[in-house]
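Note sheet for the following structure.
The values are calculated or read from the model by the stated rules, or taken from the named source; none is laboratory data. None of the values given here were measured: they were computed from a predicted structure. FYI the Cβ positions are ideal-geometry reconstructions off the backbone, even for glycines, and counts take in every protein chain you see.
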There are 4 protein chains.
Amino acid sequence: MPLLPDHLIAGYRNFITGRYVSESDHYRSLAREGQAPETMIIACCDSRTAPETVFDAGPGELFVLRNVANLIPPYEPDGEYHSTSAALEFAVQSLKVKNIVVMGHGRCGGIKAALSHNSAVPLSPGDFIGKWMSLISPAADTVAASTMMTTGERATALERISIRYSIANLRTFPCIKILEDKGKLALHGAWFDVSTGELWAMNKATGDFERPEIG
Amino acid sequence: MPLLPDHLIAGYRNFITGRYVSESDHYRSLAREGQAPETMIIACCDSRTAPETVFDAGPGELFVLRNVANLIPPYEPDGEYHSTSAALEFAVQSLKVKNIVVMGHGRCGGIKAALSHNSAVPLSPGDFIGKWMSLISPAADTVAASTMMTTGERATALERISIRYSIANLRTFPCIKILEDKGKLALHGAWFDVSTGELWAMNKATGDFERPEIG
Amino acid sequence: MPLLPDHLIAGYRNFITGRYVSESDHYRSLAREGQAPETMIIACCDSRTAPETVFDAGPGELFVLRNVANLIPPYEPDGEYHSTSAALEFAVQSLKVKNIVVMGHGRCGGIKAALSHNSAVPLSPGDFIGKWMSLISPAADTVAASTMMTTGERATALERISIRYSIANLRTFPCIKILEDKGKLALHGAWFDVSTGELWAMNKATGDFERPEIG
Amino acid sequence: MPLLPDHLIAGYRNFITGRYVSESDHYRSLAREGQAPETMIIACCDSRTAPETVFDAGPGELFVLRNVANLIPPYEPDGEYHSTSAALEFAVQSLKVKNIVVMGHGRCGGIKAALSHNSAVPLSPGDFIGKWMSLISPAADTVAASTMMTTGERATALERISIRYSIANLRTFPCIKILEDKGKLALHGAWFDVSTGELWAMNKATGDFERPEIG
């Protein structure tokens, strides 16, 4: 059995003989000095929405947590093994990032699962997706009941609701709330349309998503 | 306040006027047909180790979970809010990926925290990093006691131990075990050296890390 | 019985009709003037790691001590028959070398013996390997207890620890310490990977091994 | 300070871009299968007499102990830290070599020191060379008293005496004696003339040194 799948070996060859060659000084410096990203992104695992691709980001630029449907559970100081809370703590307290962006996207499989969870068969006996997406089940149920909206509209609606929900949960972390209030940390929402490549950003005053000026 | 940090707007402008232009058909097709990645990667949040960069991966190629120190907790069917388990379930049962790669890296902040957890002050009252990294605390304690090794050697040792640990935990998920035994799913380990850009892959027979032939 | 094994006769024939022909002036000069090597190398007896081969060294270039696992016992002015101390004294006081390099290597049989000494049967009643390798038994025991590391990782770890140990012991020789402090003698560590041919050199600040730029 | 002296880096570059390229399969095989040299050589540290050079030996061919003046102390089962005994034990018991060659050479600094030890000032307070060469001091005193021989003749005489002395000491090791008696291990003596490149081998019947037929 090969050490790694062929497509990864081929891709790594491109990297090490291409991009790495021109950025080797930067990599060495990042190794020596440590990372100092200004921005943390919480994105979905989806293979079509890598933040580094959508934001054309270089090494050292983005600290990235990715889980199904880019969810942030609420602050739970007594919980165990919270991978999301651990990543937030590290980003805010250790790296002192200035921005946190929750980035959702269209045609999200996790959101689709949340919208159908009352009728769907669990993917496995553990029903991990079901439990994970249950974080937004009250919203999902409401949206699912909006039968006058199309399937696509319901998905987009819940995708954006879940971004606002995760941003609200970010504010349940005391250190995030304090830093945001002091103006040292900014929370953002973004939504990426896989089909058109469009990026929509959340208006913090209204919660609406709109397309930013890109100059 | 701007909708998004300037560097993200600038990066997105590069994407939408560059890469997206040449790949728009592919994006449209991925939106229409859905994603079908062959490979899931579990990687660290670290800003220097995006799998899409290291493997020069295009949209639709990699389903990516990222958490601090690329850890997989063991299978716990009664647990709640397991973001890692949810992502695994989705990748294996819904997307039917053929490969899962646990990808660690050098100079990992989470590993460093694990090695110093007995002496370090928690980053916040919740000590989320401490709890999350406690998944590997038995190994961390053993390695931390190897005082004849340098700080760097201890970190590399634990980084690689944690990859093997996570791969072992992957096999505690019944569906992963079954599919691997049937030869339908391959589990891999990889370790990326931020400084040199070198990729090391785990030899499945020995657990040792070696550099793959890249042709 | 032949005077010498056939393969040595054949090899010597290659030497005397090949290399020696083009280097005879140099050999004559080295005989007339005496040797004046700048560098002493302490290497292992292992047949795969001759320093003259790895460093493509010509006659007169390297003063070479080779013992099992390239160990330097500590300075012991009252000891007897110290072959290592004698070689060091000759190199430093008589030849006035400028560099001493302790060169270890991967898959070292002596290191392997040290890691298993608690369980292994001595090779002979004298247990000379056991006694010799007991120089590093405290480190060996610690590394052997690191059961989460693979067999290969433990060997590499101890190979590198033993290089640092020998370098530390070099500094227990007063004349070496004094000359190093005066900047007249440099101590180095190197580790050769038999499989890949890679040479790793010790970073004097950290003790870590890294691959030198070879231009 | 550089990781390694420049001349070693330059030499290694020659090796890895030259010889290693054509022998990489052999190196990999030697790493995978382990070493299996047929011959052990006990040689001097002298920079002009590397056995791999004089015998044009490839990787894996010669297991090589090198100390000052290629001496073998007698078997001493209660001794400590005997680097020579450890190397012999490893070669004979673990590698099961078929030949042991004690290889001396002309213009040996250790022999010269032995010949003048009654008049010379120790190189350092530990007088390690003095102690080490005292292994052959009875012979050295006799030869030094042969004032009708020239300085060069006295040196050559003691160089050859010491080879015979070391071979005799080899036979004090029970396992070597037994294997030699069984015809499974052959002991040889050789003497290399740095100036002319000539190799002389010991006639086992007479102890005389003569030049072997090299075909």
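With respect to C:GLY215, is the statement that it is modelled with pLDDT under 95 and surrounded by fewer than 23 Cβ atoms within 10 Å (Cβ to Cβ) true?
Here the answer is yes, as C:GLY215 does meet what is asked.
For the structure I just gave you, tell me whether A:ASP56 is more than 7 Å from chain B (Cβ to nearest Cβ) and more than 11 Å from the chain's Cα centre (by Cα).
So A:ASP56 does not fit the description; no.
Read through the list (1) within 29 Å of C:VAL97 (Cα to Cα); (2) surrounded by 17 or more Cβ atoms within 10 Å (Cβ to Cβ), then give the number of the only condition that D:THR17 fails.
Of everything listed in (1) within 29 Å of C:VAL97 (Cα to Cα); (2) surrounded by 17 or more Cβ atoms within 10 Å (Cβ to Cβ), D:THR17 misses just condition (2).
Given the structure, is B:ARG48 among the basic types (Lys, Arg) and assigned to a helix (DSSP H, G or I)?
No.
Cβ-Cβ distance below 7 Å, separation of 6 or more or different chains: which pairs start in the range D:165-177 with a residue that is farther than 17 Å from D:ALA205 by Cα and end on one that is aromatic (Phe, Trp, Tyr) and surrounded by 19 or more Cβ atoms within 10 Å (Cβ to Cβ)?
Once the first residue is farther than 17 Å from D:ALA205 by Cα and sits in the range D:165-177, its partners that are aromatic (Phe, Trp, Tyr) and surrounded by 19 or more Cβ atoms within 10 Å (Cβ to Cβ) give D:THR172/D:TYR75; D:PHE173/D:TYR75.
Hey, any hits in the range C:131-146 for a residue that's under 22 Å from D:ARG28 (Cα atoms) and either surrounded by 15 or more Cβ atoms within 10 Å (Cβ to Cβ) or out of contact with any helix residue (DSSP H, G or I) (no Cβ under 8 Å at 6 or more places or on another chain) (or both)?
no
For D:ILE9, which of the numbered conditions (1) among the aliphatic types (A, V, I, L, M); (2) in a helix (DSSP H, G or I); (3) more than 19 Å from C:GLY60 (Cβ to Cβ); (4) within 8 Å of chain C (Cβ to nearest Cβ) fails to hold?
With respect to (1) among the aliphatic types (A, V, I, L, M); (2) in a helix (DSSP H, G or I); (3) more than 19 Å from C:GLY60 (Cβ to Cβ); (4) within 8 Å of chain C (Cβ to nearest Cβ), D:ILE9 is out only on (3).
Among (1) within 7 Å of chain D (Cβ to nearest Cβ); (2) within 24 Å of the chain's Cα centre (by Cα), which single condition is C:ILE16 missing?
(2)
Matching residues to (1) among the polar types (S, T, N, Q); (2) part of a helix (DSSP H, G or I):
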site	(1), (2)
A:PHE15	no, yes
A:SER24	yes, yes
A:ARG32	no, yes
A:ALA36	no, no
A:ILE41	no, no
A:PHE63	no, no
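Read through the list (1) facing chain D (nearest Cβ under 7 Å); (2) among the hydrophobic types (A, V, I, L, M, F, W, C); (3) touching a Leu at 6+ places or on another chain (Cβ under 8 Å), then give the number of the only condition that C:LEU71 fails.
Here C:LEU71 clears every test but (1).
Considering every residue within the range D:186-204, establish whether at least one is over 26 Å from C:ARG13 (Cα atoms) and in a loop (DSSP other than H, G, I, E, B). Can you show your working first?
Just the residues of the range D:186-204 that are over 26 Å from C:ARG13 (Cα atoms), to begin with: none.
Within the range D:186-204, none of the residues are over 26 Å from C:ARG13 (Cα atoms) and in a loop (DSSP other than H, G, I, E, B).
Working carefully through the options C:GLU76, C:GLU52, find the one that is on the phi < 0 side of the Ramachandran plot and out of contact with any helix residue (DSSP H, G or I) (no Cβ under 6 Å at 6 or more places or on another chain).
Criteria check complete, one pass: C:GLU76.
Restricting the search to the range D:19-43, which residues are more than 21 Å from D:PHE90 (Cβ to Cβ), at the interface with chain C (Cβ under 8 Å from one of its Cβ atoms) and more than 27 Å from the chain's Cα centre (by Cα)?
Residues satisfying the conditions are D:SER24, D:ARG28.
So for the range D:81-103 (the condition being more than 11 Å from chain C (Cβ to nearest Cβ), crowded, with 19+ Cβ neighbours inside 10 Å and either in contact (Cβ under 8 Å) with a residue 24 or more places away in the chain or within 29 Å of C:LEU135 (Cβ to Cβ) (or both)), does at least one residue qualify?
Scanning the range D:81-103, I find at least one residue that is more than 11 Å from chain C (Cβ to nearest Cβ), crowded, with 19+ Cβ neighbours inside 10 Å and either in contact (Cβ under 8 Å) with a residue 24 or more places away in the chain or within 29 Å of C:LEU135 (Cβ to Cβ) (or both), so the answer is yes.
Sort out which residues of the range C:151-168 are polar (S, T, N, Q) and either surrounded by fewer than 20 Cβ atoms within 10 Å (Cβ to Cβ) or under 17 Å from C:VAL194 (Cβ atoms) (or both), and write them in order of number.
Selection gives C:THR151, C:THR156, C:SER162.
Please specify each residue of the range A:117-134 satisfying the condition of being within 7 Å of chain B (Cβ to nearest Cβ) and in contact (Cβ under 8 Å) with a residue 60 or more places away in the chain.
Correct list: A:ILE129, A:TRP132.
Would you check if there is a residue in the range A:192-211 being touching a residue at least 40 places away in the same chain (Cβ under 8 Å), loosely packed, with under 15 Cβ neighbours inside 10 Å and in contact with a helix residue (DSSP H, G or I) (Cβ under 8 Å, 6 or more places away or on another chain)?
Checked the range A:192-211: at least one residue is touching a residue at least 40 places away in the same chain (Cβ under 8 Å), loosely packed, with under 15 Cβ neighbours inside 10 Å and in contact with a helix residue (DSSP H, G or I) (Cβ under 8 Å, 6 or more places away or on another chain).
Go through A:LYS182, A:LYS177 for me and flag whichever is closer than 24 Å to A:LEU95 by Cβ, touching a Lys or Arg at 6+ places or on another chain (Cβ under 7 Å) and not small (Gly, Ala, Ser).
A:LYS177
Residue-wise test of (1) in contact with a strand residue (DSSP E or B) (Cβ under 8 Å, 6 or more places away or on another chain); (2) small (Gly, Ala, Ser); (3) in the same structural domain as D:ALA155 (by TED's automatic domain parsing).
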position: D:ASN67; (1), (2), (3): yes, no, yes
position: D:PRO73; (1), (2), (3): no, no, yes
position: D:SER83; (1), (2), (3): yes, yes, yes
position: D:LEU88; (1), (2), (3): yes, no, yes
position: D:ILE100; (1), (2), (3): yes, no, yes
position: D:GLY109; (1), (2), (3): no, yes, yes
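How many residues are of a type in the set (Gly, Ala, Ser) and in contact (Cβ under 8 Å) with a residue 12 or more places away in the chain when one looks only at the range A:43-64?
Of the residues in the range A:43-64, the ones of a type in the set (Gly, Ala, Ser) are A:43, A:47, A:50, A:57-58, A:60.
Pick out the ones that are also in contact (Cβ under 8 Å) with a residue 12 or more places away in the chain and you get A:43, A:58, A:60.
Here the count works out to 3.
Please determine, by comparing only the residues of the range B:6-40 that are out of contact with any His (no Cβ under 9 Å at 6 or more places or on another chain) and in contact (Cβ under 8 Å) with a residue 40 or more places away in the chain, which one is nearest to A:SER195 (Cα to Cα).
It comes out as B:GLN35.
Look at A:ALA139 and say whether it is of a type in the set (Gly, Ala, Ser) and at pLDDT below 95.
So A:ALA139 passes the test.
If the requirement is being at pLDDT below 95, buried (at least 24 other Cβ atoms within 10 Å of the Cβ) and either in the same structural domain as A:SER166 (by TED's automatic domain parsing) or not polar (S, T, N, Q) (or both), which of these qualifies: A:ALA50, A:ALA114, A:ALA120?
A:ALA114
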